[in-house]
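The values are calculated or read from the model by the stated rules, or taken from the named source; none is laboratory data. If you're wondering where the values come from, they're calculated on a predicted model, not measured in any experiment. Note that each Cβ is placed from the backbone with ideal geometry, even for glycine, and that neighbours are counted across all protein chains shown. With ligands, DNA and RNA removed, areas are computed over all heavy atoms of the protein, side chains included. Shrake-Rupley method; radii C 1.70, N 1.55, O 1.52, S 1.80 Å.
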Amino acid sequence: MHTTENCSDTKTKVEELCLSFEKSVEISTNENPHKEQRLESIISALQDIINEALKRGDKEEKLAGSIRKGLEIHNQDASELFEYLTRNQESNYQIPFYLLGLFHEFGIGTEINEQQAAKRYIQGAEQNDSLSQFFLSMCYYYAKGVEKNPAKDFYWCRMSAENGCARGQSSLGFCYEQEIGTDRDLSKSYYWYKKSADAGMTIAMNHLARFYRDGIFVKKNTTEAFTWYQRSAEFGNLSAMISLGFCLEFGIGADIDLKAAFSWYKLSADSGDTTAIYNCGNCYLNGIGTEPEKSKAVQYFLISANAGDIDGQCNLAYCYLNGEGTAEDSRKALYWYKRSANGGQVLAQQRLACCYTYGWGTNKDLHESIWYFRQADKMGSLDCKALLSGIFSPFFEN
């Protein structure tokens, strides 16, 4: 038999349990406020990292690396942050959709999923976020997660640019120059490149430099071109460092300064640019702006060649063929000449033809030789016509 007092006690205990449960739910849904503040701080830091990477003109791999490095610096697990972004995206408008899109695109804290990345960019773009609009335009340009669509690429570039995104402005200038989703209009192209460059976007600075260097829309002015390349290089753009080095090596818009040229090549090479790595190898091979160090040249050419640079492959083959900075090895020379020639390097095609003509690293094969000489001739090699008509005239009767 239960008494009234016992019922009251039971009711009190139930109320206490309910109150305890409500508190536990409140704690679990509101997480640790200090932890949430730390995650929000990391998200803000990643946004700054992304903006700086875009200003420098970093390529996708480098951008992804910068994000991962930022997480590492903050000792933040990528999966945990990805889960937090996913869980809070809809309710917290301070979290940009493009950040979650980048996590999907690069496989940060989750599997690579370009369709999900595009979906997140679309969500942000439709809410008028200018960076989401820019990243969405890139999806339509490269067919990432969506079908390639120049018209939509142009549309979202224009939306991004008009909403003040400097990276979007540079891309819009490129659309007008290259007729991507719109008619060619060099005046609009120049306008958007200039607007973007004035906002500190180095890719736009490079485009402006090219316009002045080649006299596109504006009067040719190599001094102005040099100024824009220098500004872009000083902001950290690797391509601009190479172009600036080239200007200093050959006296384009400035006096020749081989040491300065080598320094800019080296700075870009040290950051991993394969073209700059090749240029450094060439400097070490020929003593341009530095003391000749042929063994070091081979090291640079090897890095460049393995990264797919056809000029680096051609020069590495030359070193193996002639024993420059390394032991002579005609078979390795043949291998790298073939890699370079098949990639479209004209000099490599000509030298590969010579390998088959004279049996360097392989058996003599006149048919292969003629084929590669013809390829080089089609690409505009000035030496091939004389070689073809002289050495191989019997093969060209028809």
Between the Cα axis of helix 4-30 and the main Cα principal axis of the chain, the angle (0 to 90°, nearest 10) is 20
Tally Lys/Arg at +1 and Asp/Glu at -1 over every other residue whose Cβ is under 11 Å from the Cβ of residue 279; what's the total? -3
Using the Karplus curve 6.51 cos²θ - 1.76 cosθ + 1.60 with θ = phi - 60°, work out ³J(HN,Hα) for each residue of the stretch 294-303 in order, rounded to whole Hz, and write x for Gly and Pro. 5, 5, 5, 4, 4, 4, 5, 4, 5, 4
Place the peptides 273-279, 288-294 in order of packing, highest mean first, counting for every residue the other Cβ atoms within 10 Å and averaging per peptide. 273-279, 288-294
What span do the alpha-carbon atoms of the stretch 188-262 cover on each of the three principal axes, reported in whole Å from largest to smallest? 37, 26, 13
What is the angle, in °, between the Cα long axis of helix 310-322 and the longest principal axis of the Cα atoms in the chain? Nearest 10 is fine, range 0 to 90. 50
With x for Gly and Pro, the residue-by-residue ³J(HN,Hα) of the stretch 240-256, computed from phi through the Karplus equation 6.51 cos²θ - 1.76 cosθ + 1.60 at θ = phi - 60° and given in whole Hz, is 5, 4, 5, 4, 5, x, 4, 4, 6, 6, 10, x, 9, x, 6, 5, 5
In degrees, nearest 10, range 0 to 90: what is the angle between the Cα axis of helix 186-198 and the longest Cα principal axis of the chain? 60
Options (i) 21.6; (ii) 22.5; (iii) 25.2 for Kirkwood radius over Cα pairs in Å; the value derived from the coordinates is listed as (iii)
Ordering 36, 162, 126 by accessible area with a probe of 1.4 Å, largest first, what comes out? 126, 162, 36
Counting only heavy atoms of protein chains, what accessible area per residue, in Å², does the chain have with a probe of 1.4 Å? 52
Using DSSP to call loops (not H, G, I, E or B), can you name the trypsin sites (Lys or Arg not before Pro) in the stretch 164-207 whose Cβ has at most 16 other Cβ atoms within 10 angstrom? 184
Once the Cβ-Cβ distance between residue 37 and residue 210 is put in as r, and R0 is 41 Å, what FRET efficiency do you end up with, to the nearest 0.05? 0.35
Using amide H atoms built 1.01 Å from N in the peptide plane, name the residues 5+ places from residue 271, or on other chains, whose amide H lies under 5 Å from its own. none
At a probe radius of 1.4 Å, what is the per-residue accessible area of residue 217, in Å² to the nearest 10? 110
Go ahead and run the numbers for FRET between residue 162 and residue 52, Cβ-Cβ distance against an R0 of 25 Å, rounding to 0.05. 0.60
Normalised by the number of residues in the chain, what is the relative contact order in percent for Cα pairs under 8 Å and 6+ residues apart? 6
Divide, for the stretch 305-353, the radius of gyration over alpha carbons by 2.2 N^0.38 Å, where N is the residue count. 0.97
Of every hundred units of 1.4 Å-probe accessible area on the chain, the number belonging to carbon and sulfur atoms, as a percent, is 49
